[in-house]
Amino acid sequence: MNYLARLIIANPVASSHLGYDVMGANPSTPPRQMAYNLGNNRGTSSGAEPFSGPTVPTWISDLESRFPRYQVDMVVRRSKLSAKPVYVLLLAALLLPFAGLLAQADGPPSGQQTNESDQYDESVLLSRIRQLTFEGRRAGEGYFSPDGSQMVFQTERVEGNPYFQIYLMDMLTGETRRVSPGQGKTTCAFINPVTGDIEFASTHHDPRSLEYQQAELEFRASGQEHRMAWDYDPEMEIYVADAETGELTRLTDVRGYDAEGSYSPDGEWIVFASTRDAYNRELNEEEKSALEVDPSYFSEIYIMRADGSEQTRLTNVPGYDGGPFFSPDGKKIVWRQFDEGGLLADVWTMDPDGSNPHRVTDFGAMSWAPYVHPSGQYVLFASNKLGFSNFEVFMVDVEGEKEPVRVTTTDGFDGLPVPTPDGKTLVWTSTRYGAEGRQTGQLFTADWNHEKALELLEQAPPRKSHSGSQ
Amino acid sequence: MNAAIHHTSLGRRDSDPVRKPAAYFTLVAALAIVTSIPTGAVPALGQAVATDVRQHVETLASDEFEGRLTGSEGASLAADYIISQLRSMGAAPVPGQASFRMPFEFTSGVIDTGSSLTLRGEVFDGDPVLQGAEVLQGLPFSDNGEVSGSVVFAGYGITVPPGQDYPYDSYANLDVEDKVVLVLRHSPEDVEREMRATLSSYSGLRRKAMRARELGAKALLVVTGPRSLNAGKIANVRFDSAASGGSGILAASISGDVADKVFTAVPNGSLEQIQEDLDAGNPHAAGFDIPGLEVTLDIAIERETDTGYNVVGFLPASNDTSGVEPAKPYVLLGAHYDHLGRGRSGNSMARGDEIGEIHYGADDNASGVAALLSAGVTLAGMNRDRAVVLAFWSGEEMGVLGSTAFVEEPPVPLDQVIGYINFDMVGRVVDNKLTVQAVGSSDIWPRLIEQSNVPVGFDLQIQEDPYLPTDSSSFNNAGIPNISMFTGTHEDYHRPADLPEDINYEGLESVARFGALIGYRLANLSEVPAFVQVARSAGQQMGGGDAARAWTGTIPDFGGEVEGLRLGGVMEGGPAAEAGLQQGDVIIEFADQQITNIYDYTYALESVKVDEPVKVVYLRDGERYETVLTPRVRQ
C-alpha cells in the first residue's frame, strides 16, 4: 500500500480535501516552486523581502491542522532542513498520483501503529530519558570531546539574538559557557578530539548580522514564527576557537555557505558542506533559478586540513549533500545525500578522499543527520518515515545491508542523534516535552542499550529498494 | 562534618582573580556528595546516599510526632528535632534572633458566643429575638458588633464584573447603603452550564460579603434557599485560617425558618417562588426592599488564637570569600514541617476507619524537611558568597501561615533575598521524575536548573506557574524569584496512609542534592536575577465558589505539564472511580469543556451539578476514551 493510500485511509476526512483541492491547485506548477512559495509565505529568513505572493491554499492549512505536531521550531542539524523541503514533502504526498513521487514509500502515516518497528517501545533501547538543556528557547546538536567530559552544542541564549550560538557544557558539573561571539548566526560545532579547539560556522563578520537579528526579532514579535530560520547564508564561514584562549581563526573565505563541519578522529581534518559551487562559476539559467529556489541544491561535501588549508571537494552529484562526519576509525565519512528534487534523503558513506561512495539506506523518506556509533557497527540517523509530524531516530547497520530499525517511539520531533564516545548514552534533539507553547527542540539524553541495538539490527530484514537504485 | 577541612581543600583562597568555575565546581560537586556521607568511601557522582533522609522521614512521620499539627505538641517535638539537626550542621539562629523558633499567631478556631437577630415590624408579635446555633451563626470572617437597619433582598448576591461572558448583577437597581442585605447562598442552579460555572465562581460567601460591603451595606445575612442542597440549614462554613480575620462587615448565616419570618413581611412573598425565578436565570427582577421591617444584628464571635513556630536556621556566607558583599546576600530555602495531626480539622481526606487516625505526612512534608536538612548539610560544606537561610515552616496546611508570617515580619530584609527554593512533597520520585514548579518566576531558573541537573540526572518536568498551594507562593507574592520541587500527588495524599515506607529515599536524596546545587549556584551568582510577575490565568483569578457543591472524587496531579489534567488518583468508591477513571488518566474534556490545565478543570468543576451526568473524555496510555461521571454530594 502506498503512502497516500494509507494517509487517506487513516484520515478519511482528508481524502475529499486532497482529491478536490489538489485538482483545484495547479498541478503543472513544479513542486519545488510551489513549495518555495508556500515556504516563503510562512515567512522568509531574516533579511529577505517579505513574500508578497499568493495566499496559502486552504488545503495546506487543512493539512497542517492534521499535523499540529509539526508546528515546531525545529532544530535541524547538518541537513538544515528548511521549511521548504518539508512543504515539498507535504506537497509530494498530495501530488503523489500526478508526480509519482514517493510511490514506493510504504511507511504508515503519523500516528498509525501499524509498522513492525512499533512492536516495541523506545524504552527497549533508551532508559532514563531526560531533558538535558532548559535555558533559552531551543537547543540542539550536541557533540562530545573524546572523554565525554565536554559537550559542544548550539542554543538560542544570547539576549537580542534570535539565532543559535555555540556553547560548551561540562558534563560533570553542568557548567556552560559560550564559545561563539554572540552575534549573527552560528551552527554546527565540533570539538577537535586532539587539541580541544572548537570549530563552528558563523556569520558574525557580516556587518548586516545585527540588522538580521533585529528583523528576526521583530518578525517574531509580530506573532509569527518561522518554521525554520535557515537560508544557507553565503556569509556563513567556518571558524575555529582556540581551546585555551578562545581566540577565533577563520578557516574558509570563499563566498558560499560553508558549515556543517566536523573533525577527523586524529584532529587533522575537517569535513564540511559548502554551496561555494553556486557562487564561484557562471551558472546557466536553470541553475540560476535553482539557486533562487533553494541554494542547498548546490551543497557538496568538502574536506580541508584543520588549519583550513587544502580545501578539496569530495562529492559531485546534483542535490544537497551535507552533514558529514568521520567514522570512529577515521576511514569513512558518513553523510546525507538529498536527491535532486530535494524530497528524499538517504545516508551514504565514502572514503575520506571521496572514493567508494556507498548507499547505506534506501528508505524512501527524508533520512538525515547520520552519526556512526562508537562501536563502528551502526549508524544512527533521523527520518520522517512515519510521517511529517513525527521525525524519529532510526539506526541501520553500517554497511546498509538491512532495513533501518526504529529507535524513538514518542510523538513529536526526535532527531540529530549523537552517542557519547563510550557508546553508552545517546543525546538527541526532541520536542517531546513541548507543552505550553514551548514546542521547541531541546537536547535530551538517555542511557543507550548497545547490546539490544545489535540484537535488533541483527533481526532486521534485508534492505528493500525504495529508490530503484542499487 | 567539619566544613573547614573542605574549605581548604577547595583552594578557593587562591589569589587568582579570575574564577575557573568549571574546575572549581567539579570539586564542589564532588564535595556535595562527600558531605552527605557520615563515613566511608566517596561514592561515584550520581549515586545517592539516602541514610540521613530516611532517618529524618522516619522520625518526623512516627507516632510520637502525631502528625505535626501546627501548634501541637507533636509539632513542637518536630521543631526540636529540626533544631538539633540544624545545630549539628553548624547552623545558627538568624542574626538578631534569639532562637531558631520564630513564633507566629494564628486563628485556630472561631466560636459564636451568642449572636442574635432582632426583627421589628408590624407583622411581628412583639419583637422576636432570634438566637442560637440552629437559627443564626456569625460567619467566621465577620466583624463583631451591632447594626440596625432595613432589609434588602438581593437574590444570590452575586456580581459578575463587566467584561465577563455572562454579566450578572444581583444588585442592579438596588440601593443597599446602610441597610442589611439578605441573600441566598450558592448560585442559580438551572441556568445553562457555562453560565452556572461563571456564577458559581463568584458565589463564595466571603466574596458576597465583600460585595455587600463595597456597596455600603451594614451587614449580610445568608440563607440556604429552599431549592438548594441542605435547604434552610445554617451554613456550616469551614473555618479557614488563611482567610480569617475581620472583613469590615457583619455577616451571619440564618436558618430557613428565620428567612421565612423575614418574608412574612413581604406580601405574597414566598422565598421558594422567588428562588425558582432566580434559578431560571432571571437575575434582575429579584432584588427588592422588604417592607415594614427593621432588624438589629448583633454578632458575637470569638477567634481562638494559638501560636505556631517556624524553625529558621542560618548558614553565614563563607568567611574566605572575596570580602565584597554580593548584592542580595541571602539565599532562602524552605519546607513546611507541619501536617494535619489527626485530620480533625482542615483538609483531611481520610476515609472510613482512617478517620481520626494520625496523618503521618511522610511525603507531605517530612520528605521536604529531610531534603532541606540534607541540602543544608551540603551547603554548609560549600563555599558561598551569600548566606543561606534554611526555613522550616509551620501552618502550611492551614494556608501557608508560617511563610506568610515570615514574609510579613522577615528576620532578614526580603529585598535582600536573591531567591527562594521550596520543597513540598518530594518523597515519591517515580520513574526518575521530578517536577520543578514556579519556573516562570525568574528567567534565571532554566539555567540553574539545567546546570544543576546535569550531574543529578532527573527527568525534570518544568512548570512555569508560580500560583501554587504551597509556601513558595508567599515569596512569589513578595516578588522574590522562587521555585518549588514536587514529586506529585497520590492516593495517600492527606490520608493516614502517607507513610515512610512509601518514600523513595534514593530519589529523595537526589532531590536534596539537586536543590543544594541550585542553592549553591544562587549563593554564588554574580548577577541578581529579576523577578518575573507571571500573569494569572482567568481560572486563577476566579475567587472560587462556595465550597464545591458537587463531588467528583478526582485527585488532580498538580505536577507536570501535560495537555489536560492528569489524575494523581481517584477517591475509592467516588464518582470518578465509578466512572472507571484511574490514576494516570489525562482528562482532556469535562462537561463539554476542553481541559488543558488545572484551571480549566477547576472552572469546569464549577459548572457541574449533583446527580447530573457529565461526559468525560480522557487519555489512557495515549488512547482516547469517553466515560460518564455523575457527581454526588460530598460525603
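The values are calculated or read from the model by the stated rules, or taken from the named source; none is laboratory data. This is a predicted model, so every value here is computed, not measured. Positions of Cβ are generated from backbone atoms using ideal geometry, with glycine treated the same way; all protein chains shown enter the neighbour counts.
Among all residues of region B:404-417, there is none that is within 25 Å of B:Asp52 (Cβ to Cβ) and modelled with pLDDT of 95 or more.
Selection of region B:443-500 for residues being of a type in the set (Phe, Trp, Tyr), more than 9 Å from chain A (Cβ to nearest Cβ) and crowded, with 24+ Cβ neighbours inside 10 Å yields B:Phe475, B:Phe486.
Residue count for region B:616-625 under the criterion of being assigned to a strand (DSSP E or B) and over 10 Å from B:Ala579 (Cβ atoms): the result is 6. Across region B:550-570, the qualifying residues are those that are in contact with a Ser or Thr (Cβ under 8 Å, 6 or more places away or on another chain) and part of a loop (DSSP other than H, G, I, E, B), and the one among them that is modelled with the lowest pLDDT is B:Gly560.
Taken over region A:120-136, the criterion of being more than 10 Å from chain B (Cβ to nearest Cβ) and either part of a loop (DSSP other than H, G, I, E, B) or under 22 Å from A:Tyr167 (Cβ atoms) (or both) is satisfied by A:Tyr120, A:Asp121, A:Leu125.
For region A:316-336, taking the residues that are closer than 29 Å to A:Thr420 by Cα and aliphatic (A, V, I, L, M), the one that is surrounded by the most Cβ atoms within 10 Å (Cβ to Cβ) is identified as A:Ile333.
With the condition kept exactly as written, say whether any residue in region A:210-232 is of a type in the set (S, T, N, Q), away from chain B (no Cβ under 14 Å) and crowded, with 20+ Cβ neighbours inside 10 Å. Yes: region A:210-232 contains one or more residues that are of a type in the set (S, T, N, Q), away from chain B (no Cβ under 14 Å) and crowded, with 20+ Cβ neighbours inside 10 Å. Taking region A:147-192 and the strands (runs of 3 or more DSSP E) fully enclosed by it, the elements with 1 or more residues that are small (Gly, Ala, Ser) and away from every other protein chain (no Cβ under 14 Å) are at A:186-191.
Inside region A:398-437, residues that are under 29 Å from A:His358 (Cβ atoms), without any contact (Cβ under 8 Å) to a residue 40 or more places away in the chain and among the basic types (Lys, Arg) make up a count of 1. Looking across region A:282-315, the residues that are acidic (Asp, Glu) and surrounded by 19 or more Cβ atoms within 10 Å (Cβ to Cβ) come down to A:Asp294, A:Glu300.
The number of residues in region B:578-615 being among the β-branched types (Val, Ile, Thr) and not in a strand (DSSP E or B) comes to 6.
Within region B:417-442, restricting attention to residues that are assigned to a helix (DSSP H, G or I) and more than 9 Å from chain A (Cβ to nearest Cβ), which residue is surrounded by the most Cβ atoms within 10 Å (Cβ to Cβ)? The selected residue is B:Ser441.
Taking into account only those residues within region B:207-220 that are more than 13 Å from B:Ile158 (Cβ to Cβ) and in contact (Cβ under 8 Å) with a residue 40 or more places away in the chain, which is surrounded by the fewest Cβ atoms within 10 Å (Cβ to Cβ)? My answer is B:Gly216. Residue under question is B:Glu396, and the condition is that it be away from every other protein chain (no Cβ under 14 Å) and touching a helix residue (DSSP H, G or I) at 6+ places or on another chain (Cβ under 7 Å); does it hold? Yes; evaluated as a whole, the condition is true for this residue.
Might you check whether a residue that is free of Cβ contacts under 8 Å to residues at least 60 places away in the same chain and crowded, with 23+ Cβ neighbours inside 10 Å occurs anywhere in region A:190-209?
Yes, there is a match, as at least one residue in region A:190-209 is free of Cβ contacts under 8 Å to residues at least 60 places away in the same chain and crowded, with 23+ Cβ neighbours inside 10 Å.
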